[in-house]
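Colleague: Pasting in a structure now, in structure tokens, and then I'll have a few things to ask.
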Amino acid sequence: MNIGGLLEQGFWAFVATTGFAVLFNVPTRMLAVSGFTGAMGLMWRNALLEAGIHSVAATFGGALIVGLLGYTQARFFHQPRLVFTVNGIVPMIPGVPAFQTMVYFVRGDINAGLESAVVAFLLIGAIAFGLVTARMLLTLGETLTPANPRRGTWLREHARRDLNADSS
Amino acid sequence: MTAASASPDSPVDTAEPVQRLSREELSDLVEIMLQVGEAMLESGAAALRTEQTMAQIGLGLGADRVEVYVTPTGIIATAVSGNEQRTRVGAAGPLGVDMAKIGDLNQLSRHIALLGGSLPAARRQLAAIHARPRRQPAWVTIPAVGVACASFAQILGGEWIEFAAAGVGAATAQAVRLMLGRLRVNAFALTVVCSFVAALIAAILCQLLDAPRPQHALAASVLLMVPGVPLITSVLDFSSNDLVSGVARGALAFLLSLSIGIGVVMALWLSGLQVLP
């Protein structure tokens, strides 16, 4: 795939992500921003695929980019991270393997169906772990602050300090 | 950043006069916290995010200590002030997605945490957030989803025929979803019906236009029903150690995906379309 093909895929990913952002009721000013995140994620994945990297690893890389980019945007625009991350991974959803799974199972071809199911599952797992890895990288120091000594209990003394640590 | 957060290391509470909330006020406070938490869950927020928002609001409104346990369908919340404490249990659901509302509630919690607030004012602001109309009106989602799913047909490797088939199918399915949503149809039944409609229309259009790769159009047309938010939130919940939320959301996402499969299979069977070699 040349640069033109990559940009074309990026354009379609931008349109798709923006459309889903409308469905998820993202604030109007953030529509194009989340579309940009989706386009970057898919373009990175395709570039990695083009470089001969396995599709699961490439999808992981794309989701990692979406996560890093999305968390940066969330801090910059003061929006929940969900707005950029969940929309950004939309173009990488393995629609065709999932669809093949259904068709093969209905046809009675269990082997081919299982093969597609495993591929779809691995790709979804790669997306999820890409996002989680990005979150772990970016919140490395925050998880062990005294602001939140124990989950479920929140004390007044810690509230202000916690607010300063959490700037998104 | 406001002036209040300019000196992170200064002791905060020593300068403030100690104000105890009465039993009734504490009851009001927990009620507000529960309303916020339920709205967050119903808008698709993760458990940790919901808990943080509720705690910031509870502490900002004057509680000394707040204890929260969040699951996708219910919340247990306790607020403590002096010797008084109140515990309430709230139920949430059905789960949907509304990112603008999550943003609004986060902003409210930040304001209350930084500036404090009175209980009536918080209640009023919460009511204002609930009364706010959708930023993207419902009818706009019909063409938007159509174009988005059509773009997927292009991403997956289809041509303009698949683009058109997927777009028309998805837009019709979104219209059906809005209609059934107004009737409060069960989420699984709704998913089966909408995926059936989307796939059937895409399949019929592919047959009429003699599309070379109908599987791309069919796969793209049902993507609007994919439970992306529960799927991702489930993994995020696992990563922040909320196992109950993670398992529950994962199971929900799995069953919704299965419902899509049922709808597509029925459409394939009815249309008799031959896909995949």
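None of the figures in this text is laboratory data; all of them are computed from the coordinates on show. Predicted model, so just to flag it, every value in this text is computed and none were measured. Reconstructed Cβ throughout: ideal geometry from the backbone, glycine too, with neighbour counts over all protein chains shown.
Colleague: Please average, across the residues of A:115-127, the number of beta carbons from any other chain that are within 10 Å of each residue's own beta carbon, and give a whole number.
Modeller: Partner-chain Cβ atoms within 10 Å, mean over residues of A:115-127: 1.
Colleague: For chain B, return all DSSP H helices satisfying: extent of Cα atoms along own axis at least 20 Å; mean Kyte-Doolittle hydropathy at least 1.0. Let's see the in-between values first.
Modeller: On the way: long enough: B:23-42 (28 Å, 0.17); B:99-115 (24 Å, 0.38); B:138-156 (27 Å, 1.67); B:160-182 (33 Å, 0.83); B:187-209 (33 Å, 2.48); B:243-271 (42 Å, 1.87).
For chain B, where a helix must reach 20 Å along its axis and average at least 1.0, the hits are B:138-156, B:187-209, B:243-271.
Colleague: Hey, another quick one. Counting each DSSP H run of 4 or more residues in the protein assembly as shown as -39500 (n - 2.57), what helix-only mean residue ellipticity at 222 nm follows after dividing by all residues, to the nearest 500 deg cm²/dmol? Numbers along the way, then the final one.
Modeller: Values: 17 runs with 301 residues, N = 445.
Dividing the helical sum by the residues of the protein assembly as shown leaves -23000 deg cm²/dmol.
Colleague: Please give, to one decimal in nm, the separation of the simple spin-label points placed at A:F11 and B:N241, each 7 Å out from Cα toward the Cβ.
Modeller: For A:F11 paired with B:N241, the spin-label model returns 4.9 nm.
Colleague: Something else now. Roughly how tilted is helix A:55-77, in degrees to the nearest 10 and between 0 and 90, from the longest Cα axis of chain A?
Modeller: Here the helix axis deviates by roughly 30 degrees.
Colleague: Sticking with this one: Quick one: among A:M30, A:M92, A:M40, which has the greatest mean-square fluctuation in a GNM of chain A with alpha-carbon springs under 10 angstrom?
Modeller: It is A:M30.
Colleague: Give me A:I53, B:I161, B:I57, B:I232 ranked fewest to most by other Cβ atoms within 10 Å of their Cβ, as a rough exposure proxy. Present the calculation step by step, with values, prior to reporting the outcome.
Modeller: Working: A:I53 15, B:I161 20, B:I57 27, B:I232 24.
The order, fewest Cβ neighbours first, is A:I53, B:I161, B:I232, B:I57.
Colleague: I'd like the orientation of helix A:3-23 relative to chain A: the angle between its Cα long axis and the longest Cα principal axis, in ° from 0 to 90, rounded to 10.
Modeller: For helix A:3-23, the angle is close to 60 degrees.
Colleague: Continuing with this model, one more query. Could you pull the Cα extents of the stretch A:3-143 along its three principal axes, largest to smallest, in whole Å?
Modeller: Result, largest extent first: 50, 33, 31 Å.
Colleague: Where the eigenvalues come from the Cα gyration tensor of the stretch B:188-277, what are the semi-axes √(5λ) of the equivalent ellipsoid, largest first, in whole Å?
Modeller: 32, 12, 9
Colleague: Please quote Rg/Rh for the protein assembly as shown to two decimal places, taking the Kirkwood radius as Rh and restricting both calculations to Cα atoms.
Modeller: Checking Rg against Rh, the ratio lands at 1.01.
Colleague: With a 10 Å Cβ neighbour count serving as the proxy for reagent exposure, in which order, fewest first, do B:T71, A:T37, A:T72 appear? It would help to have the intermediate numbers written out before the result.
Modeller: On the way: B:T71 19, A:T37 30, A:T72 16.
Fewest to most other Cβ atoms nearby, the residues stand as A:T72, B:T71, A:T37.
Colleague: Evaluate E = 1/(1 + (r/R0)^6) for B:Q207 and B:W160, where r is the Cβ-Cβ distance and R0 equals 22 Å; express this FRET efficiency to the nearest 0.05.
Modeller: Values: r = 16 Å, r/R0 = 0.74.
Efficiency, from the Cβ-Cβ distance: 0.85.
Colleague: Mind pulling the angle between the C-alpha long axis of helix A:156-165 and the longest principal axis of chain A? Nearest 10 degrees, somewhere in 0 to 90.
Modeller: Its long axis makes an angle of about 50 degrees.
Colleague: Still on this structure: Hey, rough spin-label estimate for B:Q107 and B:V176, points 7 angstrom out along Cα→Cβ, what's it come to in nanometres?
Modeller: With each label point 7 Å from Cα toward Cβ, the separation is 3.7 nm.
Colleague: Please work out the Kirkwood hydrodynamic radius for chain B, using every pair of different C-alpha atoms, and report it in angstroms with one decimal place.
Modeller: By the Kirkwood definition, the hydrodynamic radius is 21.1 Å.
Colleague: Taking a temperature of 37 °C and a viscosity of 0.692 mPa s, what whole-number D in µm²/s does Stokes-Einstein yield for the stretch B:3-131 with Rh from Kirkwood over alpha carbon pairs?
Modeller: 221 µm²/s
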